[in-house]
Amino acid sequence: MPVVNKESAARMNDGPLLFRYINDPEQYRITRYLQHGGYAGLRKALKEMTPAQVVEYVAQANLRGRGGAFFPTARKWGLMPPGVFPRYVVANADESEPGTCKDRQIMERDPHQLLEGLILSAYAVGAEQVYIYLRWEFELAAERLWGAIREAYDHGFLGQRILGSNFNCDMAVHRGAGAYICGEETALLDSLEGKRGQPRLRPPYFPAAKGYLSMPTALSNVETYCNVTHIVREGPQVFTQFGREKCPGTKLVCLSGHVRQPGVYELPLGVSLREILYEWGGGPLEGRQFKAVIPGGASMPILPPDKFDYPFDFEGMVEAGSMIGSAGVIVMDDSTCMVGAAMNLVRFFEHESCGKCTPCREGCPWLSQILRRIEHGQGRPKDIDLLLAICQQMDGKCFCLLGESALVPVRSAIQHWRHEFEQHVAEGRCPFGDGHTDPGTRGDTDEARVQRRVVARRGMGGGAVPGGGCRQPGAHRGGSAGQPERGTGAAFHAAACDRDADRAVARDGPLCRLGSWFSDAL
Amino acid sequence: MTQARAGLRETCRAEVEEILARYPERRSALLPLLHLVQREEGYISEAAMREVAEIVGCRPVDVFDVVTFYTVYHRQPVGKYLLEVCRTLSCALLGGRKLTRHLEERLGIQAGETTADGLFTLREVECIGACSNAPAMLINNRIYENLTPEKLDAILEQLRAEASERVAPPEGERQGLP
């Protein structure tokens, strides 16, 4: 089929480190990778360096995890209890934060870069088995990774007694099965163990202490491991020459949404958001103006244009009132309805909630539902405060960061664009009308469609609840074997739904059908 | 399913062994084995779940537990081509919704349904990691990017032509490395 995109068509720059050869179509083959200095770092480490020296290199470079938390990688490795073996190294390649599409480029086009970083990390921490937890949707990346692993075995970079040393290392790709929550590190480990991907109770706070099969496990993002490759190969200074002192290095920035040149760019940390948007992104679309930017994927607060001059790194984005996260920069221009945007993001979290803890499992659908009501012109003046109240009830009370993230777009949208919410309520319609870019509502006025929207609750496949309504305690039981029975979350219900709202729920029936949340996706 | 199934251990013995060998314990092989079942049989039947449970040494209910958690596993057969349109923000901003509408119209089905000829199943999914090339969709797990309704028409036409030409894709094109 000629129309198949064999490779991602993303626009990418020839960056200084990770993206140096990204636009070379043959870079995924080991011969080309070796021509470009590949596996020199591994040779150097195995011949001249002790594992402790590799860790020291990474510490000197002040490499901080690229998955979003920016936790110092060397310190993470230091948390592994001494003398406990076997140990594991796992790469988090479950890239699924909306707006993020960087790891996929590396795995499709330069997989050996990741492999080398993983082998080096395994050497550093004393692990002999490496897993790459790859999200299912990346078919080509899976092919390329397996191909690269085979090549690495053939060349003696994997297997027994690597390059004549005493170091052994095996590697396998473990493919996920479509669950955003598996990007959460402890859920990822459960998924790797062949279980439902649900987060584990902390402490222990890091998988470094108790990870895969309860053994010490080094778990980082793909981009982090790729940085290890370059730090070992060329020394820590190659890394620290970029970025600011506290947060050195480069970052793969994924630019998407309303910009002229979306793409993935490797940029030094600390450039301003404005530079990213205008110089790399090419500015807003014809006749439009930027209205809002999410700097780090769906979980991070939305920023208005007056924050564009803050430096784009961990500290800079915190100062601006957001987070750098995974650097998935989603840009929205003035054609975007912020209620719609928040609704879209909350629906994402609603769909992806694993169902383990109550505030997330119940809170996300409530947020989603109230936003939908406002967007459809059926919002009530109290609804905006009701949303904030639900956010308050979720904040700090969820089991993992997924639930905590779901309230972020809602809060930040209300904080900066409250007038839009009020306008929706006052006018009883979406002021952006048919022309706006909101998903799920453009011309979507027929209630049947809204009602039909099937939102699968993970693992709650107990079939639709007859009659809908959410006012029947005990009516909503996921009947599937082996799954926790799920009540209505009566307390939450009461808190989120004051009397008026309850009446409205009864009145607006189709907009408030718990039933649909229980039916299966297909 | 009343139809007899040959069983994984007979049809893909070598692959099953290879998958089990990747992990220090059998249970970890559950997800890849389920992928294998789905690649071979198109969906995951109860009989298959029992067999996989036997292979990895857990209870069938544990397998059911896992199958129902992840969105990739189908418990019923789906169309020959599974069309999954991304609906999350980056795609939505650039007309992802329009694509779904367009496909619904062209195929005469709603999202979540399969065409009567069993050729196409259409569904909306969350972010597929192609944000910089939005709007995007997956067709049998291959990512299609920078889509427009016109491109969709061309793609549908090609898929139909392909489907009428041959029954099964050649060996090399089978999807889904488990």
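The values are calculated or read from the model by the stated rules, or taken from the named source; none is laboratory data. Here the structure is a predicted model, which means the values were calculated and not measured. Counting neighbours? That spans all protein chains shown, and the Cβs are built from the backbone with ideal geometry, glycine included. Side chains are part of the model used for accessible areas, which takes the heavy atoms of the whole protein and leaves out ligands, DNA and RNA. Shrake-Rupley method; radii C 1.70, N 1.55, O 1.52, S 1.80 Å.
Brief remarks follow.
- Hits in segment A:377-421 - residues which are open to solvent by less than 40 Å² (accessible area, probe 1.4 Å) and within 19 Å of the chain's Cα centre (by Cα): A:Cys398, A:Cys400, A:Leu402, A:Gly403, A:Glu404, A:Ser405, A:Ala406, A:Leu407, A:Val408, A:Pro409, A:Val410, A:Ser412
- Breaking point among (1) within 16 Å of the chain's Cα centre (by Cα); (2) open to solvent by 30 Å² or more (accessible area, probe 1.4 Å); (3) more than 10 Å from every other protein chain (Cβ to nearest Cβ), for B:Phe120: (2)
- Each residue in segment B:154-168 was checked for being open to solvent by 40 Å² or more (accessible area, probe 1.4 Å) and either within 11 Å of chain A (Cβ to nearest Cβ) or not in a helix (DSSP H, G or I) (or both), and 7 pass.
- Of the residues making up segment A:357-370, none is within 14 Å of chain B (Cβ to nearest Cβ) and farther than 23 Å from A:Cys182 by Cα.
- Applying the criterion of being among the aliphatic types (A, V, I, L, M) and out of contact with any strand residue (DSSP E or B) (no Cβ under 9 Å at 6 or more places or on another chain) to the residues of segment A:220-248, the residue that is most open to solvent (accessible area, probe 1.4 Å) is A:Val238.
- Inter-residue pairs, beta-carbon under 7 Å, first more than 10 Å from chain A (Cβ to nearest Cβ) and over 20 Å from A:Gln198 (Cβ atoms) and in segment B:50-66, second part of a loop (DSSP other than H, G, I, E, B) and not β-branched (Val, Ile, Thr), 6+ apart: B:Glu51/B:Gly7
- Looking across A:Glu151, A:Glu185, A:Glu223, one residue alone is acidic (Asp, Glu) and farther than 30 Å from A:Cys398 by Cα. It is A:Glu151.
- Residue within segment A:275-286 that is open to solvent by 50 Å² or more (accessible area, probe 1.4 Å), on the phi < 0 side of the Ramachandran plot and within 11 Å of another protein chain (Cβ to nearest Cβ) present: yes
- Flag if A:Lys251 is more than 14 Å from every other protein chain (Cβ to nearest Cβ), surrounded by fewer than 22 Cβ atoms within 10 Å (Cβ to Cβ) and not small (Gly, Ala, Ser): no
- Residue in segment A:333-346 that is open to solvent by 10 Å² or more (accessible area, probe 1.4 Å), more than 21 Å from the chain's Cα centre (by Cα) and not β-branched (Val, Ile, Thr) present: yes
- Residue match in segment B:132-142 (condition: facing chain A (nearest Cβ under 10 Å), part of a loop (DSSP other than H, G, I, E, B) and closer than 27 Å to A:Gly194 by Cα): yes
- Residue satisfying all of: in segment B:1-15; touching a helix residue (DSSP H, G or I) at 6+ places or on another chain (Cβ under 8 Å) and in a loop (DSSP other than H, G, I, E, B); modelled with the lowest pLDDT among these: B:Met1
- Qualifying position, being under 19 Å from the mean Cα position of the chain (by Cα) and open to solvent by less than 30 Å² (accessible area, probe 1.4 Å), among A:Ile330, A:Ile370, A:Ile374: A:Ile330
- Residue ID - nearest to A:Val54 (Cα to Cα), chosen from residues in segment A:213-224 that are of a type outside the set (S, T, N, Q) and touching a Lys or Arg at 6+ places or on another chain (Cβ under 9 Å): A:Ala218
- Selected residue (only one of A:Lys307, A:Lys291 is more than 23 Å from B:Gly96 (Cα to Cα), at pLDDT 95 or above and either among the aliphatic types (A, V, I, L, M) or not assigned by TED's automatic domain parsing to the domain that holds A:Tyr21 (or both)): A:Lys307
- So A:Gln113, is it touching a residue at least 40 places away in the same chain (Cβ under 8 Å) and open to solvent by 30 Å² or more (accessible area, probe 1.4 Å): no
Condition check ((1) touching a helix residue (DSSP H, G or I) at 6+ places or on another chain (Cβ under 8 Å); (2) buried (at least 23 other Cβ atoms within 10 Å of the Cβ)) across all residues:
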| residue | (1), (2) |
| --- | --- |
| A:Tyr131 | yes, yes |
| A:Phe138 | yes, yes |
| A:Leu145 | yes, yes |
| A:Gln160 | no, no |
| A:Leu163 | yes, no |
| A:Ser191 | yes, yes |
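- Only listed residue being among the charged types (D, E, K, R), under 27 Å from A:Leu401 (Cβ atoms), within 12 Å of another protein chain (Cβ to nearest Cβ) and out of contact with any strand residue (DSSP E or B) (no Cβ under 6 Å at 6 or more places or on another chain), chosen from A:Arg144, A:Arg135: A:Arg135
- Top-ranked residue in segment B:43-98 [being of a type in the set (Val, Ile, Thr) and more than 24 Å from A:Phe349 (Cβ to Cβ); ranked as surrounded by the fewest Cβ atoms within 10 Å (Cβ to Cβ)]: B:Val61
- Among residues of segment A:227-245 that are modelled with pLDDT of 95 or more and among the polar types (S, T, N, Q), those with a Cβ under 9 angstrom from a residue that is open to solvent by 40 Å² or more (accessible area, probe 1.4 Å) and outside any helix (DSSP H, G or I), sequence gap 6+ or separate chain, pair up as A:Thr240/A:Asn62; A:Gln241/A:Pro16; A:Gln241/A:Pro268.
- Conditions (1) outside any helix (DSSP H, G or I); (2) crowded, with 24+ Cβ neighbours inside 10 Å; number of the one not met by A:Gly355: (2)
- Residues within segment A:289-316 that are more than 13 Å from chain B (Cβ to nearest Cβ), out of contact with any Gly (no Cβ under 8 Å at 6 or more places or on another chain) and in contact (Cβ under 8 Å) with a residue 24 or more places away in the chain, tallied: 6
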